[in-house]
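Before any comments, here is the structure.
Read-outs: derived from the displayed coordinates by stated rules, not from any lab. Note that this is a predicted model, so its numbers are computed, not measured. Note: ideal-geometry Cβ built from the backbone for every residue, glycine included; neighbour counts use all protein chains shown.
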Amino acid sequence: MTDLADSSTGTPEFEGDLALAAFSDDGPWQVTLEGARWRDRVDTIRSTVERQIPGLIRPTRMPAGGRLIEVAGRLGGAIGLWYLTGRRKGGSESTADVSRRLREAAEVLGPTYIKLGQIISSGQGIFPTELVDEFIKCRDQVPAESFDTVRAVVESDLGKPLEAVFSTFDREPLAAASIAQVHRAVLADHITPGGGKEVVVKVQRQTVSELVHQDLKVMAWLAPFLIGRIPVAALANPPALVEVFAETITEELDFRLEAANMVDVAMSLRQLGQTAYVIPRPHPTLVTRRVMVMEELSGFKFDDVAGIKDAGIDTHEIVRTSMIGFLEGAMIHGVFHGDLHGGNLFVQPDGRTALFDFGITGRLSEKKRQAFLRLLMSGMISDVKGQLAAIRDLGALPPDTDLDVVFHDLGLDRAPIDPTALTPDELIEELQKFVKLLLGYGARLPKELMLFVKNLMFVDAAIGTLAPDLDLFGEVTAIATHFAQNHGQRLASEMGKAGQELEVDLTSFKDSIGIDRSTESVTYNDLKARRELIQKRMATERSADNAMVKGWRNRFTR
């Protein structure tokens, strides 16, 4: 990753810490790299967390037996009750019933499983709608810790009574999620020049670290038994998926890492000239492993389309800047917000987007940053083999993979298949063939690629909410033009191509969504209609299969 601290030279048109990073115009305090005391140990903390992961996910003979029994009992009980009752409802009602039971079980099991629920909630288009809608409640509607527990954590980490730091501290949380909950507060007058600053305080759940470590050991023990048994988990490779999840969730257990992520992303946005984003300032001294005091920002919720439009804000522009923002940070600086979802963004009255919750942040090594750059730019110029090479270099395929074989086996050298023209049986056969081939190559989903794909799922859903009539081809071309105008020489150099070779070619993009190459325009609504057609055919096939099974069962039980 590019060293942002070394490359930061400030921007002349901004003063104070606004020359350093994309903060709000009038902050309650100034942030400097030297004054952020918690920043000194960040590299050591990050290295320590990384070294812990192999031990946490190494399968043992029998991990934390009591916890294993509890997890199996809660999840098994939820599915069992659904099987006995909710399954009979059929269709969407049945899916909604099992989704609710699983969400309730996750909330009882605690932070690790709530975090899994949050990941599911970002999977629009991947998971059933009922499951996504249910697990959205895991974002900020999780049962809160008691105020006494919150007080104990804050006072322990800050080393002072609550009243010595805050003149007021709301007893009821503003939001409660898997790892932490957030409370509004006002700083005591002597803490910050000017005094009386309104802030939000993020407080980690008291026993979350111990529970997460136990649960990772349980997951690591279970993962090998799931290989080949759960179709949706087959491609992910359950043990590899546990490793990626461990890498992600353990970073969230130290708020000093999150505060550093906030500053680094804010610095990246400023250096890239991105003025459409605002990052809250972490307090220079009030950040510890389990407590983080930060500036309070507010605005319209991301799905409040009516409110946003009534304020005269261009929703198309919000989508456009969202796409450019996280792509540009990853391609140029190797750092990006890794957990975009509706609960982590507000649209401010001036049209800027405020980003929150940087516990999960994508950080790319220089090698992976260049691979990521090649992946995106190769897609824009329809260089499919270049995309395969980039995916390999990101760690999704083994280093010695013969890309020519993959290119041929996956049918990338043949005319694309339109999924809407296939029968359900043919579509299932194609999907199974695709998964089987990838498994044969040793494919896996590295953390950085997982975060990127998850963010793309959010952007996809955001387009559907804010700008369903957006011309996707036009937007891809506009984004490519932005990169060519602002980073053309650098991109051409790092990709080993001349500038004229970076002209936009939408062929591979059209192939990837299975539409005719002669199509000149497609909107989100167009893609949604295609998806719904495919889902309807798949649902019809499942209904027919279920009816056949039921008929045979009735024949043999008369």
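If the only charges are +1 at each Lys and Arg Cβ and -1 at each Asp and Glu Cβ, what is the size of the charge dipole of the chain around the Cα centre, to the nearest 20 debye?
Computed charge dipole of the chain: roughly 2460 debye.
If you stretched the chain out fully between F407 and R51, how much longer would it get, using 0.36 nm times the residue separation minus the C-alpha to C-alpha distance?
On the way: separation 356, 0.36 × 356 = 128.16 nm, distance 3.61 nm.
Taking F407 through R51 to full extension adds about 124.5 nm, to one decimal.
Rounded, prolate or oblate for region 22-70? Axes are the square roots of the Cα gyration tensor eigenvalues, ordered a ≥ b ≥ c, and the cut-off for rounded is a/c under 1.5. Prolate, because a/c is 1.5 or more and a/b exceeds b/c. Using the alpha carbons alone, the radius of gyration of region 69-225 stands to its Kirkwood radius in an Rg to Rh ratio of 1.09. Between the residues L297, A492, Q204, the greatest Cα displacement towards the positive end of the dipole of the chain, with unit charges on the Cβ of Lys, Arg, Asp and Glu, is found for Q204.
Going by a ≥ b ≥ c, the root eigenvalues of the Cα gyration tensor, does region 366-512 fall in the rounded group (a/c under 1.5), the prolate group (a/b larger than b/c) or the oblate group? Can you show the working numbers first?
Working: a/c = 1.62, a/b = 1.18, b/c = 1.37.
Oblate.
Considering only A443, T321, I191, the residue lying farthest towards the positive end of the dipole of the chain is A443, judged by Cα position with unit charges set on Cβ.
Taken along the Cα-to-beta-carbon direction at a fixed 7 Å, the label points for D418 and T465 span 3.3 nm.
Where the only charges are on Cβ atoms (+1 Lys, Arg; -1 Asp, Glu), what is the dipole of region 366-512 about its Cα centre, to the nearest 20 debye? Could the numbers behind the result be given before it?
Working: 15 positive and 23 negative charges, 146 e Å.
Dipole size: approximately 700 debye.
Considering helices alone, the calculated mean residue ellipticity of the chain at 222 nm is -17000 deg cm²/dmol, with DSSP H runs of length four and up weighted by -39500 (n - 2.57) and normalised per residue. Ranking S382, V244, M219 by Cα position along the charge dipole of the chain, where only Lys, Arg, Asp and Glu carry charges on their C-beta atoms, puts M219 farthest toward the positive end.
Using 1/(1 + (r/R0)^6) with R0 = 41 angstrom and r between the beta carbons of F14 and A164, what's the FRET efficiency to the nearest 0.05? Numbers along the way, then the final one.
Working: r = 34 Å, r/R0 = 0.84.
Taking R0 as 41 Å, the efficiency between F14 and A164 is 0.75.
The S156 and R517 beta-carbon pair, evaluated with R₀ = 51 Å, returns a calculated FRET efficiency of approximately 0.25. In the list (1) 16, 31, 22, 16, 11, 3, 0; (2) 19, 45, 27, 9, 0; (3) 18, 54, 25, 2, 0, the label attached to P(r) over Cα pairs in 20 Å bins from 0, in percent as derived from the coordinates here is (3).
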